[in-house]
Amino acid sequence: PVLVESLVVFAIVLSVHGVVWDRFSWCALALALQAFYVQFKWDRLLQGGGAVFQFRGAANSGLLPASMVIPLLGIVMKERCRAAGIVYFERFGVVVASAGMLLALFLSVLAVGITKPVPTNTCILTGMAGSVIIYTMKHSLAVSEVIEVLEVLLIFVYLSMILLYLLPRCFTPGEALLVLGGVSFVLNQLIKRSLNVVEGKGDPIDFFLLVAVVGVVLLGLFFTVLFVFMDSGTWISSMFFHMMTAVLGLGVIMPWLYRLIQRNPLLWLLQFLFQTQTRLYLLVYWTLLAASACGVVFYQNAKRSSESKKHQASTITRKYFHFIVVATYVPGLIYDRQLLYVAAVLCLAVFIFLEYVRYFRIKPFGQTLRHLLSLFLDERDSGPLILTHIYLLLGMSLPVWLFPRSCAPKGTLSGAGALVPYSGVLAVGVGDTIASVFGSTIGEIKWPGTKKTFEGTMTAIFAQIIAVALILIFDSSVNLNSSYAWILASVSLVSLLEAYTTQIDNLLLPLYLQIMFMA
């Protein structure tokens with residue numbers, strides 16, 4: 001399975017660079033080759049318990065698929081913005097690609113360094129890949145951009161040391177690279193923009209995302225340290241939790257956001273949410289869908305209570321939430337993407353806050369949340385945190401958040417790029433859901449070495465093609481310009497990756513589909 005997963009990733013890398021070949025393509029190929037070798041060292045460390053931190057079990061390291069995501073995103077963003085003539089974001093794409101390569105290289109060096117005996121051939125290969133990457137960076141980046149890349153690397157190193165220690169068995173090395181690398185980028189961008197505030201420059205919804213992500217991460221770090229010294233399950237601790245959340249929110253996060261957008265954040269948010277009648281209809285519709293999702297949770301728990309044997313939610317039951325999320329995101333993508341952008345940020349902040357309440361057993365809802373959500377756990381929730389629902393939200397939202405609006409004339413890209421915001425809907429909402437449902441019900445022919453079935457993968461590809469046709473009918477802004485063969489190849493490769501990867505598919509698949517569409 002690891003070899004097939006690697007072959008699919010190599011196919012995606014070669015497909016992308018067949019379209020956007022430049023000097024960074026050599027770096028990406030060198031990085032992919034050394035990550036392929038190093039991931040076997042990580043797998044051996046994980047199996048033998050020799051890794052520095054406790055990583056998630058029942059999965060391989062995922063170093064190769066994770067290592068290529070950030071560099072490829074930067075490369076395709078650079079090419080799109082170069083074609084649009086937006087120099088600032090073209091240079092930002094170069095920084096993203098360079099920083100992504102350095103982060104992946106750091107994880108590789110870490111694995112090689114703690115492997116005993118030292119793997120000589122892998123060391124030579126990693127050194128050669130590092131030399132190619134550093135040489136290319138030297139001739140591609142300005143001094144200020146080199147400093148920015150090193151800042152991201154420094155933040156990543158410190159975040160890894162802190163969060164991987166505090167959250168054992170929550171991530172594989174590859175998932176840690178994606179999640180902590182993303183948080184490192186966000187934190188670095190927020191610090192950079194806070195120090196260089198220019199009135200009237202920058203979109204408030206971008207600042208809203210940056211502040212929300214950094215705010216909830218800092219909130220979690222603060223309470224993790226605090227509850228080392230006190231019991232989090234008491235009423236006094238719970239009252240202190242709510243009080244300090246209000247203090248940090250109103251005393252730190254709100255002023256920080258005010259400095260960035262130069263207006264009252266709460267008034268801006270209210271004005272933004274109720275600006276048009278369409279937004280009001282969407283908010284009411286989303287509220288009804290959220291209520292139906294809560295109804296599914298309560299119904300399944302009532303069903304568990306009425307049965308004497310231990311009841312666990314089936315695969316099909318868990319996929320109800322995928323259908324609800326698709327029903328949430330599609331109208332937002334068609335009618336108001338900015339509202340969807342902000343609503344997804346708010347939803348992410350609420351999800352993470354509720355996870356803090358559950359994890360720290362904060363009264364009055366902490367224990368109730370533990371009981372309700374335990375029904376929907378699977379083998380990927382082996383650590384202290386329950387992250388699958390947050391990954392689902394991220395997988396659907398990241399293509400919306402990472403869509404290069406400034407480099408898209410009239411708000412959309414040409415060709416397959418017009419489907420970029422729909423990457424999460426197609427890969428996770430449609431493809432992964434249909435593959436799981438049909439694979440578990442009618443699937444008989446299993447892919448070698450996995451539990452996934454051939455029938456599930458084929459129906460997933462077919463369902464995504466039908467979904468693309470429906471998007472063409474209902475979204476007039478989408479114009480594919482006869483790029484149907486590329487769309488079919490992209491959907492097929494990502495569906496095959498879903499069949500073989502042991503990483504969190506809700507997070508990985510939408511990013512790879514977005515990369516293919518943007519290329």
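Structural remarks
- Enumeration of residues in segment 496-505 that are in a helix (DSSP H, G or I) and either in contact with a Lys or Arg (Cβ under 7 Å, 6 or more places away or on another chain) or open to solvent by 10 Å² or more (accessible area, probe 1.4 Å) (or both): Leu496, Glu498, Ala499, Tyr500, Asp505
- Residue check, Phe474 surrounded by 22 or more Cβ atoms within 10 Å (Cβ to Cβ) and farther than 30 Å from Phe55 by Cβ: no
- Conditions (1) in contact with a Ser or Thr (Cβ under 7 Å, 6 or more places away or on another chain); (2) more than 18 Å from Gly182 (Cα to Cα); (3) open to solvent by less than 50 Å² (accessible area, probe 1.4 Å): number failed by Val109: (3)
- Number of positions in segment 34-46 that are in contact with a Leu (Cβ under 7 Å, 6 or more places away or on another chain) and either at pLDDT below 85 or farther than 16 Å from Thr115 by Cβ (or both): 1
- Lone unmet requirement of (1) out of contact with any strand residue (DSSP E or B) (no Cβ under 8 Å at 6 or more places or on another chain); (2) assigned to a loop (DSSP other than H, G, I, E, B) for Gly443: (1)
- Counting only helices (runs of 4 or more DSSP H) wholly contained in segment 327-401, the ones carrying 2 or more residues that are modelled with pLDDT of 90 or more and buried (at least 17 other Cβ atoms within 10 Å of the Cβ) occupy 337-359, 388-401.
- Subset of segment 204-256 (residues that are of a type in the set (Gly, Ala, Ser) and within 25 Å of the chain's Cα centre (by Cα)): Ala212, Gly215, Gly220, Gly249
- Residues that are aromatic (Phe, Trp, Tyr) and in contact with a helix residue (DSSP H, G or I) (Cβ under 7 Å, 6 or more places away or on another chain), drawn from segment 228-275: Phe241, Trp256, Tyr258, Trp268, Phe272, Phe274
- Yes/no for Thr433 being modelled with pLDDT of 85 or more and open to solvent by less than 10 Å² (accessible area, probe 1.4 Å): yes
- For segment 47-65, the candidate set comprises residues that are in a helix (DSSP H, G or I) and either in contact with a Pro (Cβ under 8 Å, 6 or more places away or on another chain) or at pLDDT 80 or above (or both); within that set, the residue that is farthest from Arg380 (Cα to Cα) is Leu64.
- Verdict on Tyr158 being within 27 Å of Leu45 (Cβ to Cβ), part of a helix (DSSP H, G or I), open to solvent by 30 Å² or more (accessible area, probe 1.4 Å) and hydroxyl-bearing (Ser, Thr, Tyr): yes
Results for (1) under 22 Å from Val52 (Cα atoms); (2) in contact (Cβ under 8 Å) with a residue 24 or more places away in the chain; (3) in contact with a Pro (Cβ under 6 Å, 6 or more places away or on another chain), shown as yes or no for each residue.
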| site | (1), (2), (3) |
| --- | --- |
| Thr115 | yes, yes, no |
| Pro119 | yes, yes, no |
| Cys123 | yes, no, no |
| Met128 | no, yes, no |
| Ile134 | no, no, no |
| Val152 | yes, yes, no |
| Leu166 | yes, yes, no |
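- From the options Ser194, Ser184, Ser131, residue that is of a type in the set (Gly, Ala, Ser) and at pLDDT below 90: Ser194
- Helices (runs of 4 or more DSSP H) wholly inside segment 173-274 that include at least 1 residues being in contact with a Gly (Cβ under 7 Å, 6 or more places away or on another chain) and within 29 Å of Arg370 (Cβ to Cβ): 173-195
The values are calculated or read from the model by the stated rules, or taken from the named source; none is laboratory data. Just so it is clear, the structure is predicted and the values come from calculations on it, not from any experiment. Quick reminder, even Gly has a Cβ in these numbers, built from the backbone with ideal geometry, and neighbours come from all protein chains shown. Side chains included, ligands, DNA and RNA excluded: accessible areas come from the protein's heavy atoms. Shrake-Rupley method; radii C 1.70, N 1.55, O 1.52, S 1.80 Å.
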